[in-house]
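S.K.: Got a structure for you, written out below as structure tokens; questions coming shortly.
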Ligand code: ASP
């Protein structure tokens with residue numbers, strides 16, 4: 001037997017027992033006559049003790065030669081500690097060692113394998129297998145495991161069936177770039193890795209599976225950020241014979257279950273917000289509703305008073321930061337710099353402070369009377385001590401910029417507590433989105449999303465106003481999931497492809513299989529997919545999904561541990577009929 005117990009298991013009850021432990025040497029303290037070793041495994045840390053005159057000298061000597069991260073097996077007797085450590089569950093006991101077997105020595109690790117490490121990001125990623133030994137990283141993966149398990153329990157409990165779909169498929173237009181894989185057996189042809197199993201899950205509905213789910217890897221070749229990885233995991237779901245209401249109900253149940261089961265948090269009923277309201281009041285289709293600070297539009301109150309910036313603007317809109325009237329000149333300047341950053345793109349920031357006596361002082365007093373400014377304050381329902389922040393310009397950009405400013409103020413005012421969860425549904429998304437570059441419409445969700453039938457008549461004249469039966473679940477400003485009711489008849493799907501600029505032949509070549517399937521008794525259906533990594537990071541209180549992925553890629557899409565991507569041998573290239581010489585930059 002390698003071990004009788006784990007390093008997290010022994011308690012006072014075990015005192016007197018002879019046990020065998022295995023694990024890694026976390027730390028060694030040598031006080032001459034006394035020697036302590038912290039032995040670590042996945043389950044915890046147990047202190048080993050050796051004492052001159054009590055422990056055989058040969059074992060003391062052997063222990064002195066142990067290095068950090070040596071893998072050892074020790075035999076010893078459990079004793080009660082004199083000075084207990086209430087920081088660890090095994091802190092009441094220690095092991096008096098009678099035998100040490102070195103199972104494998106270790107080179108000195110390149111960084112400290114402790115909760116607080118001295119290793120930078122790059123180094124830890126290169127030696128990720130060592131980083132994963134650290135308790136905080138391990139706990140993240142344990143959380144991921146619990147979430148995965150709770151997901152399967154819930155969906156299994158309501159008759160969903162998990163079906164795997166292929167990874168080598170054909171390119172599908174879901175908005176991002178595909179990763180492609182050359183086919184050796186079909187020279188000049190490529191598979192694509194799925195951006196999601198969208199068409200397959202719809203086909204499973206045509207096959208009568210009724211309720212499908214899959215915890216599945218998806219691949220998108222996009223520029224990376226903290227909450228994006230080129231390969232990521234979705235909880236992908238689809239149901240037949242459902243309305244939007246059925247799906248919202250089912251997955252509200254799911255998220256409620258997940259919160260209760262994994263975090264012990266009760267989140268209550270999810271509020272709903274239309275896309276139009278989300279944009280109007282928060283400037284974002286994923287509003288962080290942990291705090292209010294809703295947008296107030298000021299056009300009627302501010303125009304025609306001689307202030308050109310406001311007069312020329314399509315939209316003048318602001319927020320009220322409660323209790324921030326005391327912001328110093330420097331702090332307001334910081335906010336102005338913040339909104340003027342190129343990523344945010346505002347040209348300036350107007351502010352108004354509500355003084356203790358209710359009077360209002362603004363940066364544009366020249367143009368507005370005290371009564372004008374009091375009317376502004378009333379529009380915001382601002383109280384003495386509040387700070388009003390206003391942006392102006394073209395409507396869409398100004399809303400986006402104010403969204404950033406709102407989030408910034410929320411952070412500064414401590415309103416974005418990671419332990420508070422504010423989930424909601426955003427519904428009634430537009431079906432289409434105009435793309436200035438290509439001068440045509442794109443599907444806002446994806447081309448399989450059903451328009452709201454009552455809006456169908458707009459298809460020829462005002463397609464941009466058609467709303468979709470599409471919905472997102474948003475928590476704390478993060479889109480954690482999204483889906484839609486799908487088109488399930490060939491004619492409407494053809495019409496949709498036409499609207500998106502596909503020729504009949506292109507639509508047929510890419511999606512003929514799906515449209516044909518719709519002709520063989522496709523049931524009405526719809527679904528949703530959750531970004532599993534994002535859900536994990538949200539539950540774990542981190543902004544980075546990388547912390548919840550065992551072997552993530554860096555910002556350039558590289559795995560620095562295995563050093564991928566990497567060139568392949570000429571023979572492999574030949575087999576795949578790829579001639580690198582044709583690449584212009586090689
Ligand atoms: N396939 C979609 C996505 O990945 C989700 C869905 O519509 O179910 O965003």
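S.K.: For a quick check of your reading of the model, give me the residue pairs whose first member lies in the range 473-486 and is within 9 Å of the ligand (Cβ to nearest atom), whose second is modelled with pLDDT of 95 or more and in a loop (DSSP other than H, G, I, E, B), with beta-carbon atoms closer than 7 Å and at least 6 apart or on different chains.
M.R.: Once the first residue is within 9 Å of the ligand (Cβ to nearest atom) and sits in the range 473-486, its partners that are modelled with pLDDT of 95 or more and in a loop (DSSP other than H, G, I, E, B) give 484/450; 484/469; 486/448; 486/450.
S.K.: Which residues, counting only those in the range 455-505, are over 34 Å from the mean Cα position of the chain (by Cα), assigned to a helix (DSSP H, G or I) and loosely packed, with under 13 Cβ neighbours inside 10 Å?
M.R.: 457, 491, 504, 505 - these are the residues of the range 455-505 that are over 34 Å from the mean Cα position of the chain (by Cα), assigned to a helix (DSSP H, G or I) and loosely packed, with under 13 Cβ neighbours inside 10 Å.
S.K.: Out of 222, 231, 245, report the one residue that is more than 12 Å from the ligand (Cβ to nearest atom) and without any contact (Cβ under 8 Å) to a residue 24 or more places away in the chain. Talk me through it step by step, then tell me what you get.
M.R.: On the way: 222 fails: without any contact (Cβ under 8 Å) to a residue 24 or more places away in the chain; 231 fails: without any contact (Cβ under 8 Å) to a residue 24 or more places away in the chain.
Exactly one of 222, 231, 245 is more than 12 Å from the ligand (Cβ to nearest atom) and without any contact (Cβ under 8 Å) to a residue 24 or more places away in the chain, namely 245.
S.K.: Taking the range 113-131 as the region of interest, how many residues are surrounded by fewer than 17 Cβ atoms within 10 Å (Cβ to Cβ) and either under 20 Å from the mean Cα position of the chain (by Cα) or modelled with pLDDT under 95 (or both)?
M.R.: Number satisfying all stated conditions: 7.
S.K.: Ok, one more. How many residues, within the range 524-549, are part of a strand (DSSP E or B) and more than 18 Å from residue 219 (Cα to Cα)?
M.R.: So the count comes out to 3.
S.K.: Out of the range 152-162, which residues are crowded, with 17+ Cβ neighbours inside 10 Å and either touching a strand residue (DSSP E or B) at 6+ places or on another chain (Cβ under 8 Å) or within 22 Å of residue 511 (Cβ to Cβ) (or both)?
M.R.: Going residue by residue through the range 152-162, those that are crowded, with 17+ Cβ neighbours inside 10 Å are 154-155, 160.
Selection gives 155, 160.
S.K.: Within the range 441-448, identify whether any single residue is touching a residue at least 12 places away in the same chain (Cβ under 8 Å), away from the ligand (no atom under 16 Å from the Cβ), assigned to a strand (DSSP E or B) and buried (at least 17 other Cβ atoms within 10 Å of the Cβ), and answer yes or no.
M.R.: Scanning the range 441-448 turns up at least one residue that is touching a residue at least 12 places away in the same chain (Cβ under 8 Å), away from the ligand (no atom under 16 Å from the Cβ), assigned to a strand (DSSP E or B) and buried (at least 17 other Cβ atoms within 10 Å of the Cβ).
S.K.: Here's something else I'd like to know. Considering only the range 388-405, state which residues are part of a helix (DSSP H, G or I) and either in contact (Cβ under 8 Å) with a residue 12 or more places away in the chain or outside the structural domain of residue 344 (by the TED database) (or both).
M.R.: Hits for the range 388-405 are 395, 397, 398, 399, 400, 401, 402, 403, 404, 405.
S.K.: Just checking, which of 303, 330 is more than 9 Å from residue 387 (Cβ to Cβ) and out of contact with any strand residue (DSSP E or B) (no Cβ under 8 Å at 6 or more places or on another chain)?
M.R.: Working: 303 fails: out of contact with any strand residue (DSSP E or B) (no Cβ under 8 Å at 6 or more places or on another chain).
Sole residue among the options that is more than 9 Å from residue 387 (Cβ to Cβ) and out of contact with any strand residue (DSSP E or B) (no Cβ under 8 Å at 6 or more places or on another chain): 330.
S.K.: Within the bounds of the range 515-523, is there any residue that is within 16 Å of the ligand (Cβ to nearest atom), assigned by the TED database to the domain that holds residue 197 and not in a loop (DSSP other than H, G, I, E, B)?
M.R.: no
S.K.: Also, I was wondering about something else. Assess whether residue 262 counts as being part of a helix (DSSP H, G or I) and either free of Cβ contacts under 8 Å to residues at least 40 places away in the same chain or out of contact with any strand residue (DSSP E or B) (no Cβ under 6 Å at 6 or more places or on another chain) (or both).
M.R.: Yes.
S.K.: For residues in the range 429-440 being in a strand (DSSP E or B) and over 15 Å from residue 507 (Cβ atoms), which is farthest from the ligand (Cβ to nearest atom)?
M.R.: 434
S.K.: For the range 525-536, state whether one or more residues are surrounded by fewer than 20 Cβ atoms within 10 Å (Cβ to Cβ), assigned by the TED database to the domain that holds residue 213 and away from the ligand (no atom under 14 Å from the Cβ).
M.R.: Checked the range 525-536: no residue is surrounded by fewer than 20 Cβ atoms within 10 Å (Cβ to Cβ), assigned by the TED database to the domain that holds residue 213 and away from the ligand (no atom under 14 Å from the Cβ).
S.K.: Let me ask something else about it. Could you list, in sequence order, all residues of the range 248-259 that are under 21 Å from residue 533 (Cα atoms) and away from the ligand (no atom under 14 Å from the Cβ)?
M.R.: Across the range 248-259, the qualifying residues are 252, 253, 255, 256, 257, 258, 259.
S.K.: Can you pull out every residue in the range 183-208 that is over 20 Å from the mean Cα position of the chain (by Cα), within 15 Å of the ligand (Cβ to nearest atom) and assigned to a loop (DSSP other than H, G, I, E, B)?
M.R.: Result: 193, single match.
S.K.: Which of the residues spanning the range 24-42 are assigned to a strand (DSSP E or B) and either buried (at least 16 other Cβ atoms within 10 Å of the Cβ) or in contact with a helix residue (DSSP H, G or I) (Cβ under 7 Å, 6 or more places away or on another chain) (or both)?
M.R.: 24, 25, 26, 28, 30, 35, 36, 37, 38, 39, 40, 41 - these are the residues of the range 24-42 that are assigned to a strand (DSSP E or B) and either buried (at least 16 other Cβ atoms within 10 Å of the Cβ) or in contact with a helix residue (DSSP H, G or I) (Cβ under 7 Å, 6 or more places away or on another chain) (or both).
The values are calculated or read from the model by the stated rules, or taken from the named source; none is laboratory data. Computed from a prediction, not measured in an experiment: that's the story for all the values here. Please note: Cβ atoms are built from the backbone with ideal geometry, for glycine as well, and neighbour counts cover all protein chains shown.
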